[in-house]
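To keep things clear, I will list the structure first and then write my remarks on it.
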Amino acid sequence: MNKTMKTARAETAPRDDKAPNVTFIPGAIKPVKRKRKSRSWLWAPVVLAVAGAAWYGWTRYGEAPAATAMVTDVVTRGDIENAVTAVGTLDAVKSVDAGAQVSGQLKALHVEIGDKVQANQLIAEIDPATIENRIEIDQAELANLQAQLISKKAQLVLKQANIDRQRNLVETRSVAQSTLDQAIADLAAAEADVNAIEAQIRKQQATLAGDKVDLGYTKIYAPMTGTIVANPAKEGQTLNANQTTPTIVTIADLSTMTVKAQVSEADVTRLKVGMDVYFTLLGQPGKRFTGKLRQIQPMPDTENNVVLYYALFDVANPEGELMMSMSAQVFFVQAAAKDVLIVPSAALSYPARETGDATGHRNGQAEGARGESHKAEVSVVTASGALERRDVEVGIRNRVSAEIKSGLEEGDKIVVSTGSGTAGSARDSRSQRGMRMPPMF
């Protein structure tokens, strides 16, 4: 056993006899600490990114200082008017249809559209052959009746002589009284025959005269001086005048035109007969044609539930540039002024009246429309840039401009409108809904 243990010790013993016999005890030896390199430079980009994102978010979405925007204008001189506008149509002040009063073929038409004619000028002819034949028959019938009248009158003379003879015979008792009575009856019959023939003659004379009038109607003359504006009948056409009078030509006096303007029921009460009115044409928007309101027709037209009244006025047309059925933009002038101080209507504010009436603003507008003076306020930009409130007297006013009678001078700078806001709020108004802040990093 000892031998065995010795052998084991010999096998486990180190080969190096000089190696020390050291025994390690856990926890007795402290580990050596290694030095770590500094990594603080790695955070520099992160810090810069955060700072940049914060600056971007502040400038992009942060509140900017409040700012006030003003729209200004300068008081100038000019013309102003307040008017009721309407749309109208041009027509001739006087026109007439020249038609055929007898039937027949239109043999000749001596005028064309656009021709100017004088009163009683021959413009058309209808074939007179049929009427001439009727006249010939009438004359023959009249001659026959006149011949019969001569015969009847001769019989009347004979009957009268027979009565005288029979009366003498009765007195001498040569014939009976009945013979005289028969002679008297024959005389009465002869007188009746004469009267009947005379009546027939008068009737035939009237027929002849009517046919002669119809013969005159075969020639159509201009009933007035004017211009041919229409000719619905053509040469060679057969006209039938038994039921209606066929129109051959229409003659209109174009020296004076009538404008028939349609005015809404909301504006018609603002019109007065005799007020100034003018209109422009589509082809000549810069030229005015003036007149006076002549008539407001009491019976309106209703189109698509819109009630429209017709206002009429006349305008001279010496050069003939105005034509029938032209469209006109009409202006009924309620009030007008020339070379006066003018400001935009939006620059005016109307304070409530002393009674506190909330309708002061509307009343001021109504007075301005009529040209009456009323009070208002306006903001003026002084030479130093400050704002100053002034009371002004306003005259004529329309939707665009207003006349200033007092309180301002030409060249004064006035505030038309003002508005306040921030740069951030302006941007937010475009992207407020659904907007999210972008990620900072």
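The numbers here are math on the coordinates, done by the rules we state, and not lab data. Here the structure is a predicted model, which means the values were calculated and not measured. Cβ placement follows ideal geometry from the backbone for every residue including glycine, while neighbour counts extend to all protein chains displayed.
Once the Cβ-Cβ distance between residue 108 and residue 240 is put in as r, and R0 is 22 Å, what FRET efficiency do you end up with, to the nearest 0.05? Intermediate results must be reported in sequence, preceding the final value.
Working: r = 18 Å, r/R0 = 0.84.
Once rounded, the FRET efficiency stands at 0.75.
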In the stretch 165-295, if the dipole is taken from +1 on Lys/Arg beta carbons and -1 on Asp/Glu beta carbons about the Cα centre, which of 256, 217, 189 is farthest to the positive end? 256
Where q = 0.24, 0.26, 0.27, 0.28 Å⁻¹, what log10 of I(q)/I(0) comes from the Debye formula for the stretch 251-297, counting one point per Cα? -1.06, -1.13, -1.16, -1.18
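Want the number for residue 191 to residue 230: 0.36 nm per residue separation, take away the alpha-carbon distance, what's left?
Details: separation 39, 0.36 × 39 = 14.04 nm, distance 5.84 nm.
Between residue 191 and residue 230, full extension yields 8.2 nm more.
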I'd like the FRET efficiency for residue 290 and residue 339, computed as 1/(1 + (r/R0)^6) with the beta carbon distance as r and R0 of 25 Å, rounded to 0.05. 0.80
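For a Förster distance of 30 Å, can you work out the FRET efficiency between the beta-carbons of residue 49 and residue 418, rounded to the nearest 0.05?
Working: r = 43 Å, r/R0 = 1.43.
Efficiency computed from Cβ-Cβ geometry: 0.10.
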Sketch the reach of a paramagnetic label on residue 303 as a point 7 Å from Cα along Cα-to-Cβ, and name the residues of the stretch 77-96 whose backbone nitrogen lies under 16 Å away. 85-91
Extension gain from residue 329 to residue 247, taking 0.36 nm per residue of separation minus the Cα-Cα distance: 26.3 nm
Residue by residue through the stretch 260-276, which ³J(HN,Hα) values in whole Hz follow from phi under the Karplus form 6.51 cos²θ - 1.76 cosθ + 1.60 (θ = phi - 60°), with glycine and proline marked x? 10, 9, 8, 10, 5, 5, 6, 9, 5, 6, 8, 8, 9, 4, x, 6, 5
Taking only the alpha-carbon atoms of the stretch 128-216, the convex hull volume per residue, in cubic angstrom, is 60
Please give the charge dipole size of the stretch 236-303, origin at the Cα centre, charges +1 on K and R Cβ atoms and -1 on D and E Cβ atoms. Round to the nearest 20 debye. 320
Cα centroid of the stretch 118-143 to Cα centroid of the stretch 91-113, whole Å: 18
So, with points 7 Å from each Cα along the Cβ direction, the residue 282-residue 382 label distance in nm works out to 5.6
What ranking, highest mean first, results for peptides 338-351, 232-245, 111-124 when packing means the other Cβ atoms within 10 Å averaged over each residue? 338-351, 111-124, 232-245
